[in-house]
Every structure is written in structure tokens, then in C-alpha cells.
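Each value in this text was obtained by applying a stated rule to the coordinates, not by laboratory testing. Note that the structure is a prediction, hence the values are computed from the model and not measured. Every residue, glycine as well, gets a Cβ built from its backbone with ideal geometry; the counts of neighbours run over all protein chains shown.
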Amino acid sequence: MTRVFLGFIFLFLLVTFPKTMFGQTGAFNVTGIISDEHNFALPNVSVLNKKTKQVVNTNASGGYSVRASNGDTIQVSSVGLATQFFVARDSKKRVDLRLKEDVTTLNTVEVRTALGIKRSERELGYAVTQVNGDDINKAKETNVINSLAGKVAGLVITSTAGGPAGSSRVVLRGSTSITGNNQPLYVIDGIPMDNSNYGQVGTDQFGGGVDMGDAISAINPDDVESVTVLKGPAATALYGSLAGNGVILITTKKGANSKELGIDFNSTNSIETQLTKYDDVQYLYGQGRNQLLPVDQASAFNSLFINFGPRLDPGINLVGFDGVSRPYALVKDNIQNFFRTGSSFNNTVALSSSTDKSNFRFSAADLRYKDIVPTSDIKRNTYTFSGRSKFGDKFSLDVRATYMNEKVNNRAGLGDSPSNIGMNFNGLANNIDQELFKTNYKTAQGDYVDWGGGQFRINPYWVIQEMYNKTTKERLTGSLNATYQFTKSFSLNAKAATDVTFLDYESYRPKTTPGALGGQLDEVNQRYTTNQVEALASYTRQIGKDFNISARLGGSINNRIRKGTTSAFSNMIVLDAMSASSYLDKSVIPNDIPRTIRSVYGLITVGFKKYLYLDATVRRDQSSTLPEHNNTYTYPSLSTSFVFTDAFKINSNILSFGKLRASVAEVGNDTDPFLLDLYYSLNQLPFNGALNGKISSRVIPPIDLKPTRTRSFEIGTNLKFFKNKVNFDAAYYSSKSRDQINIVPAAFSSGYPQQLINAGVIANHGIELLVSASPLSDKSRIKWDISVNFARNVSKVVSLSDRVGEYLSLSEARWAGLRVVAKPGEQYGTLMGYDFMRDPDGNVILNSTNLLPIIDPKMKVLGKGVFDWTGGVTSRISYRNFSLNASFDVKYGADLFSMTNLFMHARGSATATLAGRDEWILSEENRLAAKKTAAEWAAEGKVRGFVPQGVINTGTAANPVYTANTKAMDPTLYWTTFATDGSNIATPFVYKATYVKVRDLTFTYTLSQALNKKLGLKGSSLSLVARNPFIIYKDVPNVDPDSNYNNSNGQGLEYGSLPTRRGWGFNLNVKF
Amino acid sequence: MKQKITYIVMLLLILTSLGCKKFGDLNVDPTRSSNLDPASQLMYTQVYFSGDLGIQERTNYFMLIPMMQQFAGAFNMSFGAVYKKTPSYLWRMFDESYQNDVVNIVDAVERSKGVANQTNLNAMCRIMKVYIFARLTDTYGDIPYFEAGKGSTGQIRPKFDAQKDIYYDFFKELGEASAQLNAAKDRVPNEYFYKGNIPAWKKFANSLRLRLALRLAKRDPEKAKAEIQAAYAAGVFTSNADICMTRHENVPNSYQDPRPNGISAAWNSKNEMGRVVNTFLNALTVTNDPRVNHLIKCYREFNPVAPTRFLEREDITAQVRAKIGLVGAIPGRYNSDDILSTTAITLANGTSYTPRSIDLKPQLNHNLLRNDAPFFHITYAEVELLLADATQRFGLNLGGTAQEHYYKGVEAAMQQLSLYPGGPVVTATEINNFKTANPLVVGRELEQINIQLWIALLLNGNETYANWRRSGFPVLVPSPTTESVSQTIPRRFEYPLSEKQQNAANVEAAIKIIGTDDWTKRVWWDQE
């Protein structure tokens, strides 16, 4: 595949750059430095040769070089600064300019909107936010999307506990679908990208597995020019059903340097350590139950993860789980030393060049990441090529191609997976060092040795040293984009794009591994293909002096195909060849899943006197996944923008700019393929010599199905004060989705676990605020830019279908008795679980005989998995050549059910379990000395120990009288009651997931132009960078609040999370 | 200009072509069938019934075998042993069975109904359907039956049917299906129970009818009598060759692979396996039952236990018996509460070894727990013992006296052990000695017969539990502890949360009839 890719690039270069490669006559280079009024170099200033239309941007030191002939007009412009012109003369090839601030031009910031149309921000009737590539490519995340955390109002990014190779959940303005995909569409240089999750941890009972990542992680941060976030349906209506949850437009860098080959080298290297550690652990007591030491090897084996023993005492020698005697002494941090210090090396070289007719950019990136989990690593190479060429005056062609190759070893098992390391060590007795398992995990014959974790918790050393999983992804994307400008006002654009990903996943479990005793090899081999063709005709015309009209009409076909096999090979016969041919039982299940959407769309924009704008769009989609009679749906949008400061000619020193905007839109959506019919298939493994089969559909086919509709409304304003030093943007929106196509649970007695229906209405409303300012005076040598964003979104489930029960489970931790649900009248993502039985005053009722809290059999709302509000602060301070950037991410108000903490309590590791232990030990010693039975001791009222807080019914069942409890009990019995299979009291382990995090911190030194020159460079900088360096505030002990085990809609569950990672390192950027 | 028009025409052509209505077969899965042979589904349900580890482990190993005081002592059997209510274990069979075997057998019955060359297949499916639903209703009581498993036809919330109505339909179905079987008609050669043997299927249907008829002995004795006689007249099992069983395969088990025996896999994969409970051990020793020597073993356990090699453990029963005898688990106590010790013994290779407590606690002969152990659905022994019960209870003439049926049942039960690969062979002498020493004693006949059923049904927890509830024998002394949720032995399983959420109105109507959905309530036929 690499060869195909390189050949493709070479061909393009030959066709479009013959002159660049073999020289050019008649023209010369104009070079110079562009600076501001204070003589500070200005990077990213656009220098345009108006004749040739060649555009170059100044580099970090303000330098530019543009190709020109005598008499060409050169335009130098930058946002917020007055545009200047000069005429090129070969007698004066060096032109340095100082640009002045210009209030009027600042109001014409251009952003990319739907279909890649560049428009002035003032024209837009909806909210967009643009993030510059420079803000994200220093402290690089392995998944580029994580860099946006905290930077865009209303964009909520949650990375899973899967770590750097895992996927991320990205939600804009809340969830619009109850059970479907709520993530935005990614559009890379105008081409929609399939951001399929390649597989993630199950969302239902016994959910476990690995997170195979998502497609967006393939983007190299160094290739990103800018990221534009289009939030509401009005902004995205033209992208159709795929964009119902917003669009993230990624514009990649183009060749825009000089005729000479520009070389840009960017390198970020860091070490990776644990950001979160177990921080709420008791260190006084060790292994055992009921404050008793294990009596023999068998009971030592059974209590390896129980810390309800007596006080630790190095003087005691204890027979261990393996028969070896060791001191009963504290081993501090006995779990976290399992993890290593990881590293990350991230290097990109980019080559670019441009002429008046053509430009190109080629980049090669290499990423090597060693995770803190031993044996886990990522290697990724990305090659990106983009080029643009004009043939004659009217025809231009853009080409873009990317090839990515990624290898990930040993993705971490998450959630309920028996190989989840985070879970498996949980509760390890204080006197046991994890190192012990490093060598004794297998027998001399190589058999797995049970270490006390049983079938569902495999020894982590077996997991990392004997088992393995490997993922290889190869991805090739290519697009051709041709435009023909017929006349000044009429143009036709056609695009064709393909995006192919080959995914190969292999997971090996040797013989004797619990759950795969005969040995097992699982393979997933899939090809994901997206092909899109698109045509767009545009017509723009100025009518009279005041009106500007443009109309666009387009159509597209989007094909997505997933094809491949999922295989399971079990019962290994040949033990030294980890290949499918070594197994007795082979099950290979093919899949071939196509889907097509055909669309036509139109857009009309009317501008009046450059202060009033009106947009109207309409789009019709036809989807192959819906029933034939319902497969076509049409939806419109309307938006308007009114720049009142221009309309009313307000021009004060305080209010420099003011705009009001409003929009309404509707979007339709379809469902997944093959859900309309019932299917059967054969099971793959013969039994008694013959194959059997069954109904393979797990979802009851719908009787009738309509497309989902989401209708939304938005108003907003953008105000700028004090000569644009302060920028304020606010938006209020509301949206309602009806006829939701949901796969929802069914009564099992119907024979199916799920059904597909049009069910329910979900409503979102919220506000978004953005304030950015440059508070220091223009004369100050120190520059400070600060930006604060805030968003509040409320997703309310208005109704569900009558075919659904009282609520709908989105995700379950059922063995722990808690689930995340959609329940009418409640916020989307409500946590439902079991609470204590309580008296009318809310006190916990205890069982009068055993003092254990009584469970209320009715499930209650215990919290919600979505945040009340989110926000972020980014700050940039610069002084001379130094700058300091920091970004903070704030999330407030969600709840997290932490099963890590539940088990730490049930296993006696948490500090809360210390209460009453000494008293209980003394009480038991006294009882034994008095030769009394437990019952006699209790009858005499002499039991001391843990006094559960709560009340006891001293009346009758019919006429209860609640009296505060004063009796004591064995703390072991009390705490272990919270970990029964099926229905736990979950309340004590629902924590606030609120946090304040520093996402990234970069301290940069930019070399002066003079120094660069001396070194023969065009520009360079060195930065110290930190990724996720601190959690400033959190409520949940022991784990990172950002620890969901999958990125599904059911957020709010945490189970045996691995520590999250922090990176410290440096970034070097050199331009030749 | 001409060129411009050409382009516009081309664009319009593209746009209109986008509007065409049909996608053809794009939304039809090319990798799956829309019309699979119903015989495949019958076969799936045959292997799933006993091969599903999830059901067998939760229902049988965790709950019913320890609850019936046969084997326990291991921590992992304490849920049933001391009535620790663990809802997900009670729910498992309901949740899994409906969405796996029920939906398929209901669909297979419907699709083969009235199809000319599938009359035998249809009859077999009807019999299998009764068998599957019987396990469910015996465990939970009133359940969705007539409307169950029909989600794809729009029946998304089946109503719960009274157990009486379900049972009456069982008898009707079994009678009709037995009559419908015809050796001259279609063959179903691959099915796993009898390889398509039609007379054997007839006997299976009638034997199942006999079993279900006995359930009603106290609640509805007239119906019971009529059905017993009808079943007997139609022909029931007459030898161990008739036993209905699934011959499982010798592959390691996982939750996804039903080929090995689920109860075996649940049991032999535990590092602490269940130990014989004194209740069961005493029942064998008090009658000098030869099976005590064949079934109850002490093994030198690996250190730690290696589940894949459990068959390689050394049998040290003789040495342990010589030292301390057989010391079973005490009801309601853990193995670790009751540490045994002894002095050194001599192993087979002549070395000296001091057994640990885990070596000394006797357990089940591990040859009965191999992954390829057959699962007995209905045995000839059970049929004879049921005939003995019916003869004794109702004075019916069923081809012999109660004593004769009892002897035949006991003999068959002892002989069926040899059907396990590597299983024990109880000799004719041993059997005769037992019979001679243990004839039916006047006044204790039903107790003796049903204690023999309790022994013969070992490893089939659901059936053991059902027969204990209907007969009242053996008399088990409840063994609650401080961990117990119930002080008495539970009488049914509770409805799952999933059903309460998705089928609320119907499940509430069913609960109203029994008062509360509690495991101490009784199913309809369970008369005090």
C-alpha cells in the first residue's frame, strides 16, 4: 500500500510541478519581514500576489518570500491589521513592512463553513469556533481530538480509560439521540470521514474487552492548519444526516511557503507517568477476614484481596497463598509499581513549496509511544500529501492523500474484562507485593497458576507476558477536488474521495488461561471503505449596490462498506505456532455491510449592505437502511445575521462591533443496515458431527420505521469592546429530536433482548459563552491573551415509546445493581441504582438483628452521568521571545459510580473501612477470653466494633418506631455487604465527577530572527511541554474522574480504571 | 456558452440520477439466511439446554445442588447452601433461556407446522418446546408461555400464563406430538438426542409426560392419575438404552461454547470444588449404598488447583478413609470453617505425604465432571422410580408393584453411572446386596423412593429441586447462617429485573397472584 501511495504522489508532482522542478523564467522572488507597529515579527500574515494569485504566509519570524514579476501588485493582509499593497520591482527584491492595527478589518474574520465554503464570520447566523493548529501541535496528544478539551464552549471530550490508543467521546451541545451515535461528523478538507469506533468495550452486562480506537486518531496534529467546530444543525444542515450532532471541520496545512523547498521539522518528546494514583488507602491492616489472619495456605489464597485482617505486624510470619512464609508487614504502594515510566516520541518533517500556479506539501510523521502499562505500545507513521494546481485561468485541481500505518500492541483490557489490570490488582492485601506474581504466574509446564483472582481476574503478569493482542491499521485516504470557474459568477466543483481502512486485530490467550482453557485466538479482519462523490454548482451575483446573492446546488452519493471476518479459533493443538492453523475448532463469521445515502441540496444566501444576511438551505437524503416507502427525507434550515453596529452606524470607543444572529433548522437521520429483517445463521462449531443453527437477529425487526428528526433553534450575539480588545460571544439554543430510531431493550420473554423502534423525544437546551481579551495595553512589552468559555447544556428525556418500559438502559453495571438510563422527565444519562431503605426522615434503616443496612428494592435516581456545565480557560502570555501557554478544563456536576472504590471498601483497602476495627479486635479477644459464643456476647451487649450509622425499627412492622443505632458489629461483615452480585446499595460509591484539570502547559522560546539567520534557519523554537500535568481539583478518590470504560452514551460508570497518564517533555520546531 | 450548457445538463443528469428510488438488495444481508432448516434450531436447543455454562453454573452449581444438600462447602456454592440471595443468579435462567432456546424452538414449531415433509420434525420440536418450558415454569411458577418467544411477529410483551394452563397444554402437546410421530414419515437424522430414532422419541415424550404428571400429584391428583396412565399406556422408557441424554464433547468450556457439559465445566473450573454434604453422604452410608465407594472420592489437590488437569489428581480415598474416614461438609458451613488434619499417608509411588484439609474433604468422583460427561435429561431410573411413586401413591396398575418399580429404578440408577466416560461400574453383586438390604418399608415407601430419585438425579439440579418440592423427600433441615436472606429453603426463583422493566404490567399481574415475588413463595403445583 505504501508503494501505491508514493507512486500516486510522484505522479501528481510530475504533472503539476514541471516548472518548479525544472526552473522558471521572467519572475523573481520578493522577500522581507512583516512586523507590527512595535516591530514585533508577525507570523501567519498572508502575502498575496494579486496577479498570480499565489498566497504565502509569513513564518514564525515574520519572513516571507513570494514569486513575482515586474509590476505585480502584492497584497499584505492579516486579521485585525490594515491591509497594505506594494508593487513588485526587480530592483527592490526586499520589502519589509510594518502593519498598523485596523478596527474595521478585524470584523471580517473568515471561517470555513459547511461544504468548505469560506465565509466572513459576520455573515453567519449560527455559532462556529475555530482553533488554530499551532495551539495543539506542541503538547501533542496521540489522539488529536483530545487537544480540544476545554478549548471550545459546549464541546465535551471524554477520553476512555483505554489510554492513548483508545477512542474518545466527543459531544457537542448534548445528546440528541437516546441510543444512537451522538458524536459529531468529522470533515477533513471537505471530505466527510467515517469515525467508526473499530470496537469498544461492551455497554451491557459483563461488558469487557478492549477499546480499538477511532478513526480521528489517525490525523497527525502537525498537519492541522485549523479546526472549526460547527455546533448547531443550522451550521451543519448541508452535511445531512451524518452531521446531526455537529461537525468538526479539520483543515490541513497547504504548501504555502516559497518557491524554494521549505522544510519544517517538529518534534515532541515526553516521558509518561501516572497522573492518578490510589490516594485513599489504609496502611494499618493487612490480609484476612473478620480481623483474623489466614490460617493456612488455602485461606491465604482465598483472602489475597481482602484487607480485613489484624493490624500489620512485621513480627508475624504468615504462610502465604503460595505456601511460602513471609512477614506480615506493610508493602506500601504495593500495586502502582506494576506500572513503568512510559515515553512518547513524536516527529514530523514537512516539505512544502509553491509557485504562482501550484503548491504542495508533504509530511511524514513518526509516533512511538510506550505506555505506562508494560508491553503496551503504539507505533504510527503518517504520510500526508496535498497539492493544488491551476491549469489555465479557470480550472484548478486539489489533491490530497494520506497513508497511515499504525501498530498497537497490547491494548488494555477494560471494564469487566478478565484481563483488566486496573481491576485485577484492586484490593491486593497490604502485606503482598505485586512483584510476587511476576515470576510465579505459571507452572513448570507453562500452565496458568491461579493467584486467587479466579476465573474473572487473571494475573496481570500472565496478561502482559503470556497473552497478547495486536492491532494493525492501515488507512489510505485520497481526494480529488476540481473546480471550473466558468465566469466570474458561476463555478462548478466536483469532488471524489475515498477512505479505506484495513483493520487487523489479533488476540491470543494461551492454553489454561481462565475463560479460554483450551487456548484461543480471536481475529478481526475488516475493511472499512467510504466513497463519496459530490458535485456543487455555485452562482454569485451582486445586484445593484446593496444586494449580494449567491446560490448553490449540489448532490452527493456516500457509500460506506464494512466487509471482513470475525474469527475465533479455540482449542490449541500446536502450541508453538500462534496461528489459526494450530487450532482444532475454527469459527469464521463473515460480514458484508453496505450502506448508501444519496443526497441533493441547495443553499441560497442573500446579503444586504454588508450588515444583514439571510441563509436558507434545503437537503434531501435517501438512505438505503430505511424501509423503501420511508427512505427519503427532506429538511430545511434558515439563518440570519444582523451587524447592528454597522446598520445603525454605531462607532463608539466602547462597543466596536455588535452582531445578532438567529437560526432554525431540521435534520433527519437513518439507522444501521440489516435491521429490517429477521436472519438465521449456523453456529460454526459442529456438535456430535453436525452443525446447528439459530436466529441470529438479536433485535426485533421494526414493523414500520420513519427517519429521526431533530429540530433546533438558536440565537446569539457577538460583541466586541474597546477597539476589539474584548470579544464576547453568547448563544442560546434548544433542540428537540422526535421519532428517534432506537435499539432499545425488549422483554426477554419476547425471545429477543432488543427491539428497533421509533421511540421517544429528547430535548436539549443550553447556553454557551465565550469571552476573550487582550487585557494589557498595546504599549506593554508583555502580551497576554486570555480566553474563557462556558457552556451549560440540559438534555431532558421528554418521552419514550409505550413499547419501552419505565426507562431505557444505556449502559449497565448490573451485577453491581446500577445502570445509566434515559427516563422520561429526567436528564439524559440518569444513574439508577439501589439505595438504602430509609425512614421518613431519610435515615438509613438497619436490620435489627445483623445491623446491616437494608436495601430498598425499588431502584432510584442516584445521580446523572452528564455534566451541569463545562468550561475552559486558555491563556497565552508572551514577553520578547518567550511565551507561556496554558489551558484548563473544568467540568462540573456529573456523577460517577466508581466500582474501583466500591471494591476498595468491600475489600478493606479504603480508609473509611478503618472505623471500629481496633474495637472489634479487642471485643473478640475479650469474648474468647470469657469463653462466650458470639450470640451470648451479643446478648450481653458487649460487642464493640464498627457502629453502622442508621436507625433500627424498635416498633412493629405495621407501626415502626425508628431509634438511632448504637450497637456495634464486625466491620468486615458491614463492608462486604456492598459487593454482592446483582443488587448492591450503590449510593455510597456515587461520587461527583467534577474536576479542574490543567490540560496542557507549554513554555516556548522562539529564537530571534538574527540568531536563526546565523544558524541558517528560517525560524525555530524550543518549548517545554506538559500534557495533563495536574488535576487541580477532583472529588472521587483513587481514580481519575475521566475514567469511563467506553465512549457510549451510558456515561457515569467506572470500573477498575487504569491510572491516567501525564506527559512531560519538550518540543522543538525548526524551519529550514 | 455551449460548453456551459453542456456542463449544466451534465450536472442536472447527475442530480436526477441521485433521486432514483430503489437500492435493490443493498439492505439484505448476504451472509445470513432468511429461512434456515428448523431442524438446526431443534439441535441448537438440544445442546444449549445443558451446555450453557451461564445457566448451569448460576442455577445448578451455585444454587440448586448446594441447596439440595448434595454438595457444598466451597465458598462458591454458598449462595444455595445458606440461601444468600443473589438476584442475578436467580434471573439468569429466565433471561438466557427465553432469548436462546425458547425463541428458537417456538420459531421452529411455527415454521414446521403443517409442512408436509416435516411432521416428525414438528413433533420433536413440540416435545422439546414442552421440555424447555417445563424447566422454566417449575423454577419460576407462572411464566409467559402461549405468547412467548414471538417478538418477531409483534408479540413484544407476552402475558404471563397460569402454571395450571401451561401444564394442561404440556399434556395436550405431548399427547399429540407422540401420536404425530410416525416412522414412515420424514427423518431428522442429525438431531442430537436419538439421531432421528422415532420410537425412542415417542418414549421420550411419554416419559416426560409421566414426570410432569407426577408434579401434580398433590395439587391436582385426578389429572395426575389420568396423565400418568395415559403416558404409561403410550409407552415409557424400558431400559437404560432409552435414556434421553446429550453427549457432550471433550473441549474446555467457555460461556460462548455449549459443546461441553455446562454443569461439569461450572464445577471443574473452580479452584475450590464442592464437597459432599453430610446429608447426602449419610443417605448413602446408612443404606450401605455401594455408590458411596464409587461416587465419593478424596484427591490430592494440586497446589494451587489447576482446572485443566483436575483429572490427573491422585485418588487417595483409601488412605484417607483408613486415617479419618469420610468427613463430609456440614450444612451451612464453609470448608475453611472446618479444618481437617491427619498424619502422613503413603502415596501410590511410595512417597510419604501429609494431606492438607483440602485433600481430606471428600468430593465427587471427577469422572462425572469431565467436560464430555453426558447430561441426563430423563433416565430410565427416574421413570421406574416415578412409576413406583405413582403405584404407591395412587394404587394404579402400571405394570408392577411399587417394590418392583423401585428395584428396577435403583438398579438402573446404579448402572447408568457407567455411561459417564471413565465412570464407575457398580457390580451386579453390589446392586443385589443393596436391594436385599433395602426393600421398601411399610409407611416409608414414598420417602425411600424419592430419596432414591434425589440420588439418581444428581447433577440435574432443576429436576432434583422439583422432585424434592413435589414429594417433600428427603426431609432437609434448613441450614441458615448470619449471611442468609431466608431461614428456610427457598421454593422458587424470583422474576428477573429485565422482565419487570420491559414487561411490567404482565409481570405485576403474575406477582399479584402469589402475593410477593419472593423465593419463599410456592409455584402452583407445589402444595404444602
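Phi angles of segment B:205-213 translate, via the Karplus equation with coefficients 6.51, -1.76, 1.60 and θ = phi - 60°, into HN-Hα couplings of 4, 6, 5, 5, 5, 5, 4, 5, 5 Hz per residue; Gly and Pro are given as x.
Straight-line cross-link reach from residue A:92 at under 18 Å between alpha-carbon atoms covers these aspartates and glutamates, not counting any fewer than eight positions away in the same chain: A:72.
Computed from the C-beta positions of residue A:672 and residue A:1014 and an R0 of 45 Å, the FRET efficiency is 0.15 to the nearest 0.05.
Mean partner shielding of peptide B:356-362, defined as the number of other chain Cβ atoms within 10 Å of each residue Cβ, is 2. Computed with the Debye formula from one identical point scatterer per Cα of segment A:807-934, without solvent, the log10 of I(q)/I(0) at q = 0.09, 0.10, 0.17 Å⁻¹ comes to -0.51, -0.60, -1.08. Under a model in which nothing but the beta-carbon of Lys, Arg (+1) and Asp, Glu (-1) is charged, the protein assembly as shown shows a dipole of about 5680 debye around its Cα centre. Where does segment A:435-511 land on Rg/Rh, using Cα atoms and the Kirkwood Rh? Ratio of gyration radius to Kirkwood radius: 1.53. Using just its DSSP H runs of length 4 or more, each adding -39500 (n - 2.57), chain A gives a mean residue ellipticity at 222 nm of -2000 deg cm²/dmol after division by all residues. Name the residue farthest towards the positive end of the dipole of chain B from the options B:511, B:326, B:276, assuming +1 on Cβ of Lys and Arg, -1 on Cβ of Asp and Glu, about the Cα centre. With unit charges placed on the Cβ atoms, the residue in question is B:511.
Does segment B:475-528 come out rounded, prolate or oblate, given a ≥ b ≥ c as the square roots of the eigenvalues of its C-alpha gyration tensor, rounded meaning a/c under 1.5 and, failing that, prolate meaning a/b above b/c? Because a/c hits 1.5 or more and a/b fails to exceed b/c, segment B:475-528 counts as oblate. Using the Karplus relation 6.51 cos²θ - 1.76 cosθ + 1.60 with θ = phi - 60°, the per-residue 3J(HN,Hα) values for segment B:51-66 come to x, 6, 4, x, 5, 4, 5, 5, 6, 8, 6, 6, 10, 7, 5, x Hz, with x marking Gly and Pro.
Please list, or write none, the aspartates and glutamates whose alpha carbon is within less than 15 Å of the alpha carbon of residue A:332, excluding same-chain residues fewer than 8 places away. Qualifying aspartates and glutamates at Cα under 15 Å: A:279, A:280, A:313, A:433, A:435. Among B:67, A:578, the order by Cβ neighbours within 10 angstrom, fewest to most, reads A:578, B:67.
A cut-off of 5 Å between modelled amide H atoms, ignoring neighbours fewer than 5 places along the same chain, links residue A:451 with A:459.
Between residue A:487 and residue A:55, the FRET efficiency from the beta-carbon distance, with R0 = 25 Å, is close to 0.65. Were the residues from residue A:959 through residue A:368 laid out at 0.36 nm apart, the gain over their Cα-Cα distance would be 205.9 nm. At an R0 of 45 angstrom, the distance between the Cβ atoms of residue B:428 and residue A:561 translates into a FRET efficiency of 0.10. Measuring between alpha carbons in the structure, the pairs from A:545/A:720; A:151/A:706; A:50/A:151; A:357/A:723 lying more than 32 angstrom apart are A:151/A:706; A:50/A:151; A:357/A:723. Using only Cα coordinates, the Kirkwood hydrodynamic radius of the protein assembly as shown works out to 36.6 Å. The amide H of residue B:237, built 1.01 Å from its N in the peptide plane, has B:207 as neighbours under 5 Å, considering only residues 5 or more places off or on other chains. Once backbone amide H atoms are built at 1.01 Å from N, residue A:993 has A:893, A:894, A:895, A:896 as its partners under 5 Å, excluding neighbours fewer than 5 places away on the same chain.
Estimated from helical segments only, the mean residue ellipticity of chain B at 222 nm is -14000 deg cm²/dmol, where each DSSP H run of four or more residues counts as -39500 (n - 2.57).
Placing a label point 7 Å from the Cα of residue A:340 along the Cα-to-Cβ direction, the residues of segment A:270-305 whose backbone N falls under 15 Å of that point are A:271-274. Summary: within chain A, the longest segment free of GluC sites (Glu not before Pro) located in DSSP loops with at most 14 other C-beta atoms within 10 Å is A:436-805. Which of the three applies to segment B:337-379, rounded, prolate or oblate, going by the alpha-carbon gyration tensor with a ≥ b ≥ c and a/c under 1.5 meaning rounded? The shape class here is oblate. Placing unit charges on C-beta atoms (Lys and Arg positive, Asp and Glu negative, everything else neutral), compute the dipole magnitude of segment A:614-670 about its Cα centre in debye, rounded to 20. Dipole size: approximately 380 debye.
Shielding value for A:591-599 is 4, the average number of Cβ atoms from other chains within 10 Å of each residue's Cβ. Here the average projected area of the convex hull drawn through the C-alpha atoms of segment B:78-190 stands at 8.8 nm².
Please compute P(r) over all alpha-carbon pairs of segment A:735-839, binned at 10 Å starting from zero, and give each bin as a whole-number percent. Per 10 Å bin, starting at 0, the Cα pair percentages come out as 13, 29, 23, 14, 10, 8, 3, 0. Given +1 at the Cβ of Lys and Arg, -1 at the Cβ of Asp and Glu and no other charges, the dipole of segment A:461-581 around its Cα centre is 720 debye to the nearest 20. Shape analysis of chain B places it in the prolate category; the axes a ≥ b ≥ c from the Cα gyration tensor give an a/c of at least 1.5, with a/b above b/c.
Determine the distance separating the Cα centre of segment A:998-1072 from the Cα centre of segment A:694-715; give it in Å without decimals. Centre-to-centre distance over Cα atoms comes out at 40 Å. One Cα centroid belongs to segment A:561-601, the other to segment B:251-281; the line between them spans 31 Å.
Across peptide B:500-506, the average count of Cβ atoms from other chains found within 10 Å of a residue's Cβ is 6.
Per-residue Karplus couplings for segment B:479-494, computed as 6.51 cos²θ - 1.76 cosθ + 1.60 with θ equal to phi - 60°, are listed in order as 10, x, 9, 5, 7, 6, 9, 10, 8, 10, 6, x, 10, 7, 9, 7 Hz, Gly and Pro entered as x.
Can you spot the lysines whose alpha carbon is less than 19 Å from residue B:85's alpha carbon? Ignore those fewer than 8 places along the same chain. Within the straight-line cut-off, residue B:85 pairs with A:858, B:500, B:521.
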